[in-house]
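Visitor: Have a look at the structure that comes next, please.
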Amino acid sequence: MTPSMIRYLKGAAHAAPFVCAASLALASDPAGEFMIDLPIACTLGEDCYIQQFVDRDPSDEVMDFTCGSLSYDTHKGTDFALPTLRDMADGVDVLAAAQGRVQGVRDGMPDQIATAENSAAFADRECGNGVVIQHQNGWSTQYCHLKRGSLAVREGDAVGAGTVLGQVGLSGNTQFPHLHFSVRKDGEVIDPFDAQTADTLDTTCTQTPAKTLWRDAPTYEPAGLINVGFLGRLPDYDAVKAGNAAQTDFSITQEAIVLWGFAFGVKRGDVMALNITGPAGEILDHTTLFKRAQAQAMRAAGKPLRGVGWPRGTYEGTVTLTRAGRVIQKTVTQMRVE
């Protein structure tokens, strides 16, 4: 493994960036002929989403390429996240974003949610199991947090765009299953969403930058709903993250009917509305205000059983996430009472 590979895999996802945001512009056209494809085999907005982008602010503040806040301080890549641990267990492939040669790999680190208690297991190895690919003209790409035992390439292998490198995992310093994907030019971090950046970022921020490395640029979503569901009690947050908190069939004597929503990228002032209607009409109309920004957040509300039983039939739950009066996402789910 080369020294540069060791440096990348030690702290690529969470250490301080190689350059400040204002120096990300390498030239008038840093992209050249280098273009990339989506590095994960999923459909954004359906079975995966982008949790965080490159932090473009050189201070201790946070700013993504749109001047939004979907990042965290010193974040050096793009995080493609899976909704639940169950999705990770089912297996989602990580793909080479462009043609190149594997510069190095690491495997063998466990898939586990990072805590203070297990931090020694990933000390100086925050990337977890990963791959670095060297491309032409000084470009390289990096793939972190892969599932243990899933790596499908070895150092020195030639790969094409779309070659399977492994699967999304939970190795290294991470709280949720995702692929941390980084792009570098001559060792310096480049934001693939805005590869040509002026020194004054606040005059160039846009959701459709003039220069992108993507052949087909993913749509920017400032926040969204990861998952929603019904349950007969208040859900456990770990069960929501694991994908085990949704209940589709209820008995007429169920003690309660609860609707929950799991969101990403929420900001202070955002609102989540939870509404339940059943055969007899509306039974819940609840809103909750987020008082602080959170990378991921869950909210739930419900009604206890009153009387002899719930009316039989189909119940519909609607979860709506809004920001400054604008609907960011609305998701509808159903369950049945028999």
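The values are calculated or read from the model by the stated rules, or taken from the named source; none is laboratory data. Given the structure is predicted, the values throughout are model-derived calculations rather than measurements. Heads up, the Cβs are rebuilt from the backbone with ideal geometry, glycines too, and the neighbour counts pull from every protein chain shown. In case anyone asks, the SASA skips ligands and DNA or RNA and just uses the protein heavy atoms, side chains included. Shrake-Rupley method; radii C 1.70, N 1.55, O 1.52, S 1.80 Å.
Visitor: Quick one: Cα centre-to-centre distance for the stretch 70-101 and the stretch 275-338, in angstrom?
Guide: Cα centres, the stretch 70-101 to the stretch 275-338: 30 Å.
Visitor: Could you work out which residue, out of Glu316, Glu282, Glu221, moves most in a Gaussian network model of the chain, that is, has the largest mean-square fluctuation with Cα springs under 10 Å?
Guide: Per the Cα network of the chain with a 10 Å cutoff, Glu282 tops the list.
Visitor: Here's something else I'd like to know. Using only helices, what value at 222 nm comes out for the chain when you add -39,500 (n - 2.57) per DSSP H run of length 4 or more and divide by the total residues, to the nearest 500 deg cm²/dmol?
Guide: -1500 deg cm²/dmol
Visitor: Determine one quarter of the surface area of the Cα convex hull of the chain, which equals its mean projected area, and express it in nm² to one decimal.
Guide: Computed as one quarter of the Cα hull surface, the answer is 17.9 nm².
Visitor: Highest mean first, how do 163-175, 296-308, 115-127 rank when packing is the count of other Cβ atoms within 10 Å averaged over residues?
Guide: 163-175, 296-308, 115-127
Visitor: Now for a different question. Accessible area per residue for the chain in Å², computed with a 1.4 Å probe and the full protein assembly in place, what is it?
Guide: Value returned for the chain: 44 Å² of accessible area per residue.
Visitor: How long is the gain from Arg306 to Thr288 if the chain were fully straight, where each residue apart is worth 0.36 nm and the alpha carbon distance is subtracted?
Guide: Gain on extension, Arg306 to Thr288, equals 4.1 nm.
Visitor: Pulled fully out, how much extra length does the chain show between Tyr72 and Arg323, if you take 0.36 nm times their separation in residues and subtract their Cα-Cα distance?
Guide: Roughly 88.4 nm would be gained on extension.
Visitor: Residue farthest toward the positive end of the dipole of the stretch 228-338, with Cβ of Lys/Arg at +1 and Asp/Glu at -1: which of Thr322, Val337, Leu284?
Guide: Value: Thr322.
Visitor: Quick one: dipole size for the chain, taken about the Cα centre, charges +1 on Lys/Arg Cβ and -1 on Asp/Glu Cβ, in debye to the nearest 20.
Guide: Roughly 620 debye, rounded to the nearest 20.
Visitor: With each label point set 7 Å from Cα along the Cα-Cβ vector, what nm distance links Ser251 and Tyr220?
Guide: Between Ser251 and Tyr220, the simple spin-label model gives 5.2 nm.
Visitor: Roughly what would the spin-label model give for Ile113 and Ala152, points 7 Å off Cα along C-beta, in nm?
Guide: 2.9
Visitor: Between Asp186 and Leu234, what FRET efficiency follows from the Cβ-Cβ distance if R0 is 45 Å, with the result rounded to 0.05? Don't skip to the end; give the middle numbers.
Guide: Values: r = 52 Å, r/R0 = 1.15.
So, using R0 = 45 Å, E works out to roughly 0.30.
Visitor: Using a basic spin-label model with each label point 7 Å from the Cα along Cα→Cβ, how many nm lie between Gln207 and Glu33?
Guide: 3.4
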